[in-house]
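Colleague: I have a structure I would like to understand better, so I am pasting it below and will then ask my questions one at a time.
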Amino acid sequence: MRNTLNCYLWLVDTIRRYGHITLEELSRQWQLSPLSGGEPLARRTFHTWRNAAEELLDVSITCNRSTYEYYVEEPGDGQRTIHDWLLDSMALSAALRSAGDIANRIVLENVPSAREHLPMIIDALKQNIRICFDYKAHTRTMRTKDIVLEPYFVKIFKQLWYVIGFNVKDGKIKTYALDRMSDLTLLAGDTFVMPDDFSPAAFFADCFGITTNQNEPKHIVLRVEPTQAKYFRALPLHPSQHEEVHDTYSVFHYQMRITYDLREELLSHGSDIEVLQPPELKLQISEELKKALDNYRRKG
């Protein structure tokens, strides 16, 4: 089954990468794959894999009858991100399982697991059921007991899972990290209705990271050194990012709220970036850098 799943993943991934591809070209690509043993892809095998992949991976592989090319029908915009993420995760998982005797040459990052709580929260999302849990925030010494939450959506940020929802006691929307939760239970029968005007995508639309506030988005301008600018291009801080390229630096523009996560991200780049606008963000970053310098001076 493991090798068969790898074949299904290979088929979907190859068709998606090419966009449109004939069966003949697909067969040639299969021969180049380490999975094939140099054998071509038979038409009957292709259709068997196609049917299985469509059912198992929830995709639709369609043939253009005028060109005899196959392509993957993409889901709507609202589903495409999670669909891509799931396919990428499955492909990576299959590749790692096949690593075999070179496993010691694959170094992975230690990530707090969400396996314990994520499936249960997904069930709560499906059924619109309230959840109850204890929570140990990093900013508090004592654990908060019996939080009742109406879970609206989940989000992953910097390899940590979060659930965002309506805290029944506090009467406001809050964010909780799954790795700090304990004693999670579903309150069976205690259902809720999500507000019609609530959009998970819009909730963090003007923010970087997992923190937000009610402040208006600001026009944020950063001067970035050339080497660091390459990383900004590869991994934009925000969809609003656009760049002005100069001879010895780049200027990046954003429309975002000033949040804790944004300040921490900017500080992490040290002297490679400079905040040009707005003045309040420039002052906040400057004060944090002065505090850090004072700490070193005292300890030195």
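Colleague: Could you identify the single residue in Phe252, Phe232 that is within 22 Å of the chain's Cα centre (by Cα) and outside the structural domain of Leu125 (by TED's automatic domain parsing)?
Modeller: Phe232
Condition check ((1) among the aromatic types (Phe, Trp, Tyr); (2) in the same structural domain as Glu264 (by TED's automatic domain parsing); (3) part of a strand (DSSP E or B); (4) loosely packed, with under 13 Cβ neighbours inside 10 Å) across all residues:
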position: Asp146; (1), (2), (3), (4): no, no, yes, yes
position: Leu149; (1), (2), (3), (4): no, no, yes, no
position: Val154; (1), (2), (3), (4): no, no, yes, no
position: Trp161; (1), (2), (3), (4): yes, no, yes, no
position: Gly165; (1), (2), (3), (4): no, no, yes, no
position: Asp170; (1), (2), (3), (4): no, no, no, yes
position: Val193; (1), (2), (3), (4): no, no, no, yes
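Colleague: So, restricting to strands (runs of 3 or more DSSP E) that lie completely within segment 24-139, which ones have at least 3 residues that are surrounded by fewer than 16 Cβ atoms within 10 Å (Cβ to Cβ) and at pLDDT 80 or above? Lay out the reasoning, then the answer.
Modeller: Values: elements: 60-64, 69-73, 129-135.
Those strands (runs of 3 or more DSSP E) span 60-64.
Colleague: Another question about this same structure. Across segment 172-191, what is the number of residues that are part of a strand (DSSP E or B) and closer than 14 Å to Ala124 by Cβ? Steps first, please.
Modeller: Step one: list which residues in segment 172-191 are part of a strand (DSSP E or B), which gives 172-177, 181-191.
Checking which are closer than 14 Å to Ala124 by Cβ leaves us with 176, 181, 184-191.
Residues flagged as part of a strand (DSSP E or B) and closer than 14 Å to Ala124 by Cβ within segment 172-191 amount to 10.
Colleague: Another question about this same structure. Please find, within segment 248-270, the residue that is farthest from Lys218 (Cα to Cα) out of those that are among the hydroxyl-bearing types (Ser, Thr, Tyr) and touching a residue at least 24 places away in the same chain (Cβ under 8 Å). Write out each step before concluding.
Modeller: Pass one, segment 248-270, residues among the hydroxyl-bearing types (Ser, Thr, Tyr): 248-250, 254, 259-260, 268.
Now restrict to residues that are touching a residue at least 24 places away in the same chain (Cβ under 8 Å): 249-250, 254, 259-260.
Working: Tyr249: 22, Ser250: 19, Tyr254: 8, Thr259: 11, Tyr260: 14 Å.
Among residues in segment 248-270 that are among the hydroxyl-bearing types (Ser, Thr, Tyr) and touching a residue at least 24 places away in the same chain (Cβ under 8 Å), the one farthest from Lys218 (Cα to Cα) is Tyr249.
Colleague: Tally time: how many residues in segment 30-70 are over 18 Å from Thr4 (Cβ atoms), of a type in the set (S, T, N, Q) and in contact (Cβ under 8 Å) with a residue 12 or more places away in the chain?
Modeller: Here the count works out to 3.
Colleague: Any residue in segment 221-247 that is loosely packed, with under 12 Cβ neighbours inside 10 Å sitting within a Cβ distance under 7 Å of a residue that is assigned to a strand (DSSP E or B) and modelled with pLDDT of 95 or more? List the pairs, counting only those 6 or more apart or interchain.
Modeller: Between residues of segment 221-247 that are loosely packed, with under 12 Cβ neighbours inside 10 Å and residues that are assigned to a strand (DSSP E or B) and modelled with pLDDT of 95 or more, the close pairs are His242/His253; Glu244/Ser250; Glu244/Val251.
The values are calculated or read from the model by the stated rules, or taken from the named source; none is laboratory data. Just so it is clear, the model here is predicted, and its values are computed rather than measured. Reconstructed Cβ throughout: ideal geometry from the backbone, glycine too, with neighbour counts over all protein chains shown.
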